[in-house]
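Every number here is computed from the coordinates shown, using simple stated rules; none is lab data. These numbers come from a predicted model, not from an experiment. Glycine also receives a Cβ, built like all others from the backbone with ideal geometry; neighbour counts cover every protein chain displayed.
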Amino acid sequence: SLKWLKYSVSEARQVIHELTNALKARNSKEELLKVINLEELVESILSGMRSRILKSNVIFICDFTEINEFHYYPVALRSILQNIISNAIQYSSETDFPEVKITTFQQNDEVKITIVDNGVGIDLDTNESKVFGLFKRVNNDDNGSGIGMYIVNKLLENYGGKLELKSELGKGSEFTVIIPYK
């Protein structure tokens with residue numbers, strides 16, 4: 001398990017390094033644009049969270065049959081999905097049968113990646129501005145830094161795209177990442 005620890009520390013360093021570059025990379029975007037295989041990307045994100053997923057018993061259901069390959073910025077998308085999936089695990093793990101569904105849609109010139117959890121949900125009337133604020137957590141619990149959604153928003157601003165959120169208290173949340181289909 002020491003090997004795992006070394007691995008996750010160096011992986012964390014790598015992620016921080018990539019993220020710093022991603023947040024700075026407004027200028028040299030073209031060279032970062034690549035074909036993304038979403039199934040591989042999500043698989044890699046989930047394997048990085050394996051111990052958390054096992055501990056929280058979350059079941060993942062992924063369906064990328066409608067669109068799995070498209071052009072975008074892998075480092076940015078990895079970070080965006082990692083943050084949203086991490087939230088979904090955290091909030092659905094409070095239910096008896098935690099489940100997270102990740103689905104893709106292609107609509108006109110957009111790719112939509114939807115992450116739905118059956119967790120505690122958010123009362124959007126009172127909390128919407130908080131969700132995307134920096135270091136503001138919605139359910140004032142101690143889990144998560146709150147920086148995640150801020151990063152997600154910043155990356156989408158930098159790289160093109162937007163985030164939609166539907167949620168209902170006690171019913172779970174649905175985050176949809178919408179990116180241009182090039």
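In table form, for the structure just shown:
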read-out: Burial order of peptide ranges 87-99, 51-63 (average beta-carbon count within 10 Å, highest first); value: 87-99, 51-63
read-out: Long-range amide H partners of GLU110 with built H, under 5 Å; value: TYR181
read-out: Vicinal HN-Hα couplings computed from phi for the stretch 175-182 (Karplus, 6.51 cos²θ - 1.76 cosθ + 1.60; Hz; Gly/Pro x); value: 9, 10, 8, 10, 10, x, 8, 8
read-out: Rounded FRET efficiency, nearest 0.05, which uses the C-beta distance separating GLN106 from LEU33 and R0 of 22 Å; value: 0.80
read-out: Greater than 29 Å apart at Cα, pairs in LYS101/LYS182; LYS34/LYS112; LYS29/LYS55; value: LYS29/LYS55
read-out: Computed E for SER51/ASP125 - FRET, C-beta separation, R0 41 angstrom, nearest 0.05; value: 0.70
